[in-house]
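Take a look at the structure below.
The values are calculated or read from the model by the stated rules, or taken from the named source; none is laboratory data. Remember, predicted model here, so these are calculated numbers, not experimental data. Because the Cβ atoms are built from the backbone with ideal geometry, glycine has one as well, and the counts that use them run over all protein chains shown. Surface areas here come from the heavy atoms of the whole protein model, side chains and all, with no ligands, DNA or RNA. Shrake-Rupley method; radii C 1.70, N 1.55, O 1.52, S 1.80 Å.
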Amino acid sequence: MGYEQLFCGARTRSGGRCLRYPLEGKRRCKLHGGASTGPRTPEGRDNSLSTLTNGHQQWYERMKERGYLFRGGWPKGMPRCLDRIIAKARELIASRKHERAARKE
Ligand SMILES: [Zn+2]
C-alpha cells in the first residue's frame, strides 16, 4: 500500500468515518478488520477471489440490465472487457483447484 493512513476511515453506522487509529502496518482499526490476517492458504485465497469475481459479475449484470453501462461514458479506471476478465479469473481459479486436487492424489 505504501502510505500511512491517519485514521481507520471505515464507514460507521451513523454515516461518518471511523476515527480510530489503524493497527500498525494496517489500514483498519481492530474493530474494522485490522486484526484480520486475510486468507492464509492458497485455497482460502482462491475462495476469496472467487467471491470477489462473483460480486463483480453480479454488479456488471445489474448495470447492464439497467442500461447504465454506456450512459455518461465508462467509469474511469474500469476495464472495458469485464466479461473477459471475469472469465479469465474463473478459469484461473478452476485450473488451480484442479492442480491442487491432482497433487493430493
Ligand atoms: Zn475503525
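Could you go through the stretch 72-80 and let me know if any residue there is closer than 30 Å to Pro22 by Cβ and either at pLDDT 85 or above or touching a helix residue (DSSP H, G or I) at 6+ places or on another chain (Cβ under 8 Å) (or both). The answer is yes, given that some residue of the stretch 72-80 is closer than 30 Å to Pro22 by Cβ and either at pLDDT 85 or above or touching a helix residue (DSSP H, G or I) at 6+ places or on another chain (Cβ under 8 Å) (or both). Summed over the stretch 31-52, the residues that are open to solvent by less than 100 Å² (accessible area, probe 1.4 Å) and either of a type in the set (Asp, Glu) or part of a loop (DSSP other than H, G, I, E, B) (or both) give a count of 10. Among the conditions (1) open to solvent by 100 Å² or more (accessible area, probe 1.4 Å); (2) modelled with pLDDT of 85 or more, the only one that Glu65 does not satisfy is (2). The residues on offer are Arg28, Arg13, and the sole one that is surrounded by fewer than 14 Cβ atoms within 10 Å (Cβ to Cβ) and either in a loop (DSSP other than H, G, I, E, B) or more than 9 Å from the ligand (Cβ to nearest atom) (or both) is Arg13. Would you confirm whether or not the stretch 9-19 contains a residue that is without any contact (Cβ under 8 Å) to a residue 60 or more places away in the chain, touching a Ser or Thr at 6+ places or on another chain (Cβ under 7 Å) and over 30 Å from Arg96 (Cα atoms)? Yes, the stretch 9-19 contains at least one residue that is without any contact (Cβ under 8 Å) to a residue 60 or more places away in the chain, touching a Ser or Thr at 6+ places or on another chain (Cβ under 7 Å) and over 30 Å from Arg96 (Cα atoms).
Out of Gly55, Gly67, Gly33, one residue alone is out of contact with any Cys (no Cβ under 8 Å at 6 or more places or on another chain), within 16 Å of the ligand (Cβ to nearest atom) and not hydrophobic (A, V, I, L, M, F, W, C). It is Gly33.
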